[in-house]
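> Quick one: structure below, then a few questions.
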Amino acid sequence: MDDQLIDSSELPLRRRSLLPGTGFFYPDSLDEDRTEERAREAIDGAEAVVVTDSDADGLGCIALVREVYDAALDVDPFLEEIEARLDDDDAADDADEADEADDATDEPEPESPVALLASGPHSLSESLEYVAEYAAAGVDVFVCDIAPDEYDAIAEPLEAIVDRSGRVSWYDHHQWPDAVAEAVGEAGVDLVVGDSDEECSTDVALRSLAYDFDERFTELAEVTRDHDLWLNDDPRSKDLADYAYWTSAEEYAAVVGAYGAELPEVVDDYIAHRRVEKEQLIELAVDRAAYKSVGPWTVGVTYGRCSQNEVADGLREAGADAAVIVKPSGSASIRGSEDFEAAHLVARQVNGGGHPKAAGCKPDIYDDMMDYAAHWTTEGETAKRVILAAFERVAEEADSSADRSEAEDADSE
């Protein structure tokens, strides 16, 4: 296939916003081989391994763990690389989605004695399998900012890790099913789950790790929390979130490990450069939104390659109680509000999970490339329909629960 057919960087912005990034078209079989090889190289000889989500909150955790182990990477080569990216306009113009595979590259990753495995809910089992297979006996293992939906999917590799590790700790702040949390704890894991309305995972790691952290790490946790809990009181939190989204996990961890939330000037310049296109993509997604009444809620539904949190803000400003942003990759983000705190319940019905006010999913509706072709040309129509049906089921369950409560109250009088 001609590379230009899957390289969207030269397309008009509106057309580009409807298609996934180049990494989406990289075959899973090749990507898995590459991912496993990188994981093996990172884990080999490491004294600790961190399996974490690749957003700002998850990567804040790896920065903390590396500080504890005196294993932070030298930040200067990363800053020099950012300078080079700014000198090459094209290098900063690709807006691939964060949840898609990175473009293929043979560039060697820097190595730290604390290995970083960027993961997520759908790849957690695979990441744990890599640790179980390649980590040396006695290695310390940390899992951060990820909540499994069920225990069976991770049971075998997790129990193998516990059997051979010196320490297994899990720091998170998502909504955990009670049975899953109980099973993980019984497996021998030191599980700490913070209140998702009060703490981010970086907060949880900061208070759980036995170490006297410098003030910059305390501030990093505070600013990360500001974005991750959608408080939006500190403008630096948006910078952290955007930077984590746009750069590599290793670069982000190195930079915030060295600078905390006060990012260096070259990083600020890079973020400003990328934001020009980001704002245009947000506007396109908000403009193409439709609004549906589901039960007591107004749900804003849109499609596109965009920053879902800012798009959700725009849909709420237009009157939505909940926002659904369907992505060209096939996944979707669900965002709530003060009037809708069941995003995780909707997501669980369509192969996902998360928080009451923020969740993600990927409906199981893509059997072949024809389904994806229809997805792109209809702007996610099938995915929108499936997710709205999940909203309807959640509304019906809420009505049934309210009816039962009223009946029980009446019986008790």
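The values are calculated or read from the model by the stated rules, or taken from the named source; none is laboratory data. Owing to the predicted nature of the structure, the values given are computational and were not obtained by experimental measurement. Methodologically, a virtual Cβ is constructed for each residue, glycine included, from the backbone with ideal geometry; neighbour enumeration extends over all protein chains shown.
> If you take the residues in segment 222-252 that are hydrophobic (A, V, I, L, M, F, W, C) and over 15 Å from the mean Cα position of the chain (by Cα), which one is farthest from Pro356 (Cα to Cα)? Even if it seems obvious, please write down each step before you answer.
Here is the first cut: in segment 222-252, the ones hydrophobic (A, V, I, L, M, F, W, C) are 223, 229-231, 240-241, 244, 246, 249.
Next, only the ones that are over 15 Å from the mean Cα position of the chain (by Cα) stay: 223, 231.
On the way: Val223: 21, Leu231: 15 Å.
In this case the residue turns out to be Val223.
> On the basis of being crowded, with 19+ Cβ neighbours inside 10 Å, among the acidic types (Asp, Glu), part of a helix (DSSP H, G or I) and at pLDDT 95 or above, does Glu283 make the cut? Break it down stepwise before answering.
Working: crowded, with 19+ Cβ neighbours inside 10 Å: no; among the acidic types (Asp, Glu): yes; part of a helix (DSSP H, G or I): yes; at pLDDT 95 or above: yes.
Judged against the criteria, Glu283 is not a match.
> OK, next. Report, by residue number, each residue of segment 323-373 that is out of contact with any His (no Cβ under 7 Å at 6 or more places or on another chain), closer than 18 Å to Trp176 by Cβ and surrounded by fewer than 23 Cβ atoms within 10 Å (Cβ to Cβ).
Across segment 323-373, the qualifying residues are Glu341, Ala342, Leu345, Arg348, Gln349, Asn351, Lys357, Ala358.
> Also, I was wondering about something else. Are any residues in segment 309-322 buried (at least 24 other Cβ atoms within 10 Å of the Cβ) and touching a residue at least 24 places away in the same chain (Cβ under 8 Å), and if so, which ones?
Matches in segment 309-322: Val311, Leu315, Ala320, Ala322.
> Out of Ala48, Ala56, Ala63, report the one residue that is modelled with pLDDT of 85 or more, closer than 30 Å to Ala261 by Cβ, hydrophobic (A, V, I, L, M, F, W, C) and out of contact with any Asp or Glu (no Cβ under 8 Å at 6 or more places or on another chain).
Numbers: Ala48 fails: out of contact with any Asp or Glu (no Cβ under 8 Å at 6 or more places or on another chain); Ala56 fails: out of contact with any Asp or Glu (no Cβ under 8 Å at 6 or more places or on another chain).
The unique qualifying residue is Ala63.
> To continue, here is another question. Looking only at segment 93-145, how many residues end up being modelled with pLDDT of 75 or more, polar (S, T, N, Q) and surrounded by fewer than 21 Cβ atoms within 10 Å (Cβ to Cβ)?
Total meeting the criteria: 2.
> Could you go through segment 315-336 and let me know if any residue there is more than 22 Å from the chain's Cα centre (by Cα), closer than 15 Å to Tyr291 by Cβ and part of a helix (DSSP H, G or I).
Checking segment 315-336: at least one residue is more than 22 Å from the chain's Cα centre (by Cα), closer than 15 Å to Tyr291 by Cβ and part of a helix (DSSP H, G or I).
> Taking Arg275, is it outside the structural domain of Ser337 (by TED's automatic domain parsing), at pLDDT below 95 and over 21 Å from Cys144 (Cα atoms)? Spell out how you get there, then give the answer.
Working: outside the structural domain of Ser337 (by TED's automatic domain parsing): yes; at pLDDT below 95: yes; over 21 Å from Cys144 (Cα atoms): yes.
So Arg275 passes the test.
> For the structure I just gave you, tell me whether Asp203 is without any contact (Cβ under 8 Å) to a residue 60 or more places away in the chain and not in a helix (DSSP H, G or I). Spell out how you get there, then give the answer.
Working: without any contact (Cβ under 8 Å) to a residue 60 or more places away in the chain: yes; not in a helix (DSSP H, G or I): no.
So Asp203 does not fit the description; no.
> In segment 198-218, what residues are of a type outside the set (Ser, Thr, Tyr), over 16 Å from Asp70 (Cα atoms) and surrounded by fewer than 17 Cβ atoms within 10 Å (Cβ to Cβ)?
The answer is Glu198, Arg207, Glu215.
> Hand me the list of helices (runs of 4 or more DSSP H) wholly inside segment 1-64 holding 2 or more residues that are in contact (Cβ under 8 Å) with a residue 12 or more places away in the chain.
Details: elements: 3-6, 13-17, 28-43.
Counting at least 2 such residues, we get 13-17, 28-43.
> Answer yes or no as to whether Ala221 is at negative phi and touching an Asp or Glu at 6+ places or on another chain (Cβ under 7 Å).
Numbers: at negative phi: yes; touching an Asp or Glu at 6+ places or on another chain (Cβ under 7 Å): yes.
It is true that Ala221 is at negative phi and touching an Asp or Glu at 6+ places or on another chain (Cβ under 7 Å).
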